[in-house]
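Step one of this worksheet: look at the structure below.
Coordinate-derived values only; no laboratory data. Predicted model only: the values in this text are computed from it and were never measured. Cβ atoms come from the backbone with ideal geometry, glycine included; neighbour counts cover every protein chain shown.
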Amino acid sequence: MPHACAGAAVLAVLLYAAWPAAAPERTAVVDHDNYFAFVKATPVAAAARAPAAAAAAGTQRDAAANNAADLPASPTALAHMEAEVQTLRQQGADEQAVYRLRAHRVNAQMAAQLAEREQAETAWQRRVQAYRAERDLLATSSRDGSGDATGNADVQAAQVRLRAQRFTPDEQARLDASLPPAQPQLRLD
Amino acid sequence: MMRRIVVQAAGHVAQLTIAAACLAMPQAQAANNFPVVMVHGFLGFGTDELQGTGFLYWGGTNDIAGHLSGANHQVYVAGVGPVSSNWDRAVELYYQIKGGCADYGAKHTAAYAAFGAIQTPAGKCWAADPNNNPNHYPVALYPAWDANHPIHLISHSQGGQTVRTLIQLMENGSPNGNEGGGDLYTGGKVGWVKSATTISTPHNGTTLRDVIVDYVPKVSELAGQIVQVAGLGGSTNPVYKFRLEQFGLAQGPAESISDFISRTQGAPFWQLANHDSAQWDLGPDGARELNSWVRTSPNVYYYSIGSDATEQGSWCCNGTDRIIAPFQSSSYQYARDDMIFFTKNTAGEWVVPSILQRGMGSYTQTDPSRVLIDSSWFANDGVVNTVSMKAPAGQPVRNYNGSSVRGTWNYLGYYSTYDHFDVIGWLQPASGVYPIYDNIAGIIFGL
């Protein structure tokens with residue numbers, strides 16, 4: 001049994017060593033957490049991670065989406081692949097394993113784009129959480145304070161300022177969708 | 001003597017208290033308290049179906065009708081054909097409210113005889129008088145219904161097309177002329193309906209009909225998934241009524257959905273050429289045909305409400321389901337992650353799984369002989385395109401501004417992030433759905 005384990009480990013090392021041949025050229029990426037060294041960040045990914053002032057990159061996003069759409073992979077195959085990725089993660093697999101699965105199912109470029117997108121998604125969620133915490137802090141300070149109408153109006157104005165400071169107008173629309181109101185609200189836009 | 005004075009004083013205090021309480025009650029401000037009849041949509045069900053877990057069409061694990069009744073309103077829940085045409089559903093709705101046996105009309109039935117249509121089938125009667133009901137029919141909802149005893153209609157999904165059809169038939173009779181003398185077709189029943197509210201109704205059809213390739217298997221699958229949501233899947237055999245006696249397709253008392261579909265799938269009713277069926281009325285072309293003769297009555301207050309559970313595609317960072325659509329284009333719409341599971345795979349750019357079959361979020365249609373479908377149709381709630389929920393095309397419509405106009409559609413707006421079943425409270429907390437109906441009640445009881 002120990003021999004079998006050792007054999008499997010050697011095989012895994014050899015397979016891993018051979019694998020990066022299919023991946024894009026390794027590029028050192030600065031300012032990344034938990035990111036693949038061999039995945040080069042596109043301008044799109046950089047914009048999604050940046051604070052509001054540097055994040056206006058709608059056309060670049062479209063270009064990236066179109067590039068991805070041009071690649072030969074059926075929507076159904078992609079959906080099956082992503083379902084497999086979800087299962088893999090639930091089983092505790094790391095991002096290297098996820099990358100390898102995707103590169104095997106589609107191709108290295110698409111796997112890299114998906115990894116970038118997930119990094120950007122994580123960064124976005126961090127920004128949303130940070131914003132929510134600051135917003136809630138403002139509301140708490142209002143309740144602890146006078147709580148009169150003038151005080152409430154000040155807090156609301158501060159929350160609007162905070163929102164504008166943290167997000168671009170495009171991002172604010174996405175923020176509304178990610179933070180649905182507690183009560184149903186009719187819209188006429 | 002003293003005891004008598006104390007009792008009298010206590011009586012006065014009690015009267016004053018009751019009077020004060022009455023003044024403070026919201027319904028004291030209501031201009032009317034006419035009964036409400038709630039009409040379900042495609043694949044919907046009545047209160048006598050899917051029993052076992054308490055799951056309701058109107059509310060899921062909430063109870064919208066009970067919530068409204070609790071505010072001292074009379075509320076009735078109707079159950080009509082879940083896959084039937086709006087004509088057939090309107091007929092059933094009329095007799096179910098008023099009492100009597102459904103008469104689908106002589107000319108109408110003759111037009112669909114090739115598909116097995118029957119004018120007056122057994123199993124579609126309601127008793128107007130519970131004390132004179134020798135055949136033990138279900139009791140009619142509101143037999144007193146007439147111009148002096150009008151009702152409000154609240155409808156979801158296809159139910160909105162159904163109540164419009166009902167109002168048209170009641171006021172103007174059949175567009176085909178003499179239908180053989182049935183009570184519904186005599187016309188002149190003006191003032192019987194005070195208001196009609198439609199929620200997520202495909203007034204101009206839904207492109208879901210066009211993106212579904214295999215209609216009959218899909219109906220079976222969707223009905224099964226609804227039963228699953230209701231918590232009645234597995235080994236139980238829930239009662240789900242297809243109510244197709246008017247096509248000779250009576251269902252056994254314990255016949256399951258899949259057994260019924262398997263037994264009847266070869267019946268002419270299910271053919272796509274049969275336009276006396278929900279599948280035709282729900283598509284854009286069928287809805288246009290319906291709208292050509294079902295007009296907006298000048299005597300009724302109409303309200304419409306929409307829902308939207310898709311988002312514009314984005315490279316990242318929106319609220320959509322990325323497993324179904326990992327790559328997205330900003331030109332199209334994609335299902336939100338919180339959309340009910342069984343509509344997600346048809347709501348976005350592609351139907352998944354399929355071989356490049358476009359989903360509702362990107363489906364267009366340019367054949368000039370059919371209804372043109374452009375990008376304004378992309379946003380949807382998983383079942384119906386949001387743009388279709390406002391009003392029938394070419395009929396009067398306005399945005400509701402706090403005042404109501406009769407004889408025109410008063411569009412209240414749409415609920416963003418709400419899917420087709422969120423608006424009827426499925427998988428929603430009470431706080432997410434009751435305000436929708438409180439808002440409607442505030443309007444219609446103020447008329």
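What residues have an amide H closer than 5 Å to that of residue B:100, excluding those fewer than 5 places away on the same chain, when H is modeled at 1.01 Å from N in the peptide plane? Under 5 Å from the amide H of residue B:100 lie the amide H atoms of B:126, B:127, B:128, each far enough along the sequence or on another chain.
Applying 1/(1 + (r/R0)^6) with r as the Cβ-Cβ distance of residue A:189 and residue A:96 and R0 = 56 angstrom yields a FRET efficiency of 0.80.
Based on the alpha-carbon gyration tensor of the stretch B:360-409 and its eigenvalue square roots a ≥ b ≥ c, which shape applies: rounded if a/c is under 1.5, prolate if not and a/b is larger than b/c, or oblate?
In terms of gyration-tensor shape, oblate.
For chain B, the Cα gyration tensor yields ellipsoid semi-axes of 37, 28, 22 Å (square root of five times each eigenvalue, largest first, whole Å). Running a GNM on chain B with Cα contacts under 10 Å, which residue among B:72, B:135, B:291 ends up with the highest mean-square fluctuation? Maximum among the listed residues: B:135. Estimated from helical segments only, the mean residue ellipticity of chain B at 222 nm is -8000 deg cm²/dmol, where each DSSP H run of four or more residues counts as -39500 (n - 2.57). Using C-alpha pairs below 8 Å separated by at least 6 residues, the relative contact order for chain B is 18 percent.
Rounded to the nearest 0.05, what FRET efficiency do residue B:74 and residue B:337 have when you use their Cβ-Cβ distance and R0 = 30 Å? Efficiency at R0 = 30 Å is approximately 0.15.
Counting neighbouring Cβ atoms within 10 Å and putting the fewest first, the residues A:150, B:296 line up as A:150, B:296. Gain on full extension, evaluated as 0.36 nm per residue between residue B:118 and residue B:214 minus their Cα-Cα distance, stands at 31.9 nm.
Scaled against 2.2 N^0.38 Å for its residue count N, the alpha carbon radius of gyration of the stretch B:154-221 is 1.42. Exposure proxy shown here: for B:229, B:39, the number of other Cβ atoms within 10 Å sets the order, fewest to most, as B:229, B:39.
Of A:94, B:103, B:438, the sequence from fewest to most neighbouring Cβ atoms within 10 angstrom is A:94, B:438, B:103. Summarising the label geometry, the points placed 7 Å from Cα in the beta-carbon direction at residue A:165 and residue B:330 lie 2.7 nm from one another.
What pairs from B:218/B:390; B:98/B:344; B:107/B:218 go past 29 Å between their alpha carbons?
Where the Cα-Cα span goes over 29 Å, the pairs concerned are B:98/B:344; B:107/B:218.
Scanning chain B for DSSP H helices at least 20 Å long along the axis (C-alpha atoms) with a Kyte-Doolittle mean no lower than 0.0 picks out B:2-24, B:215-229, B:430-444.
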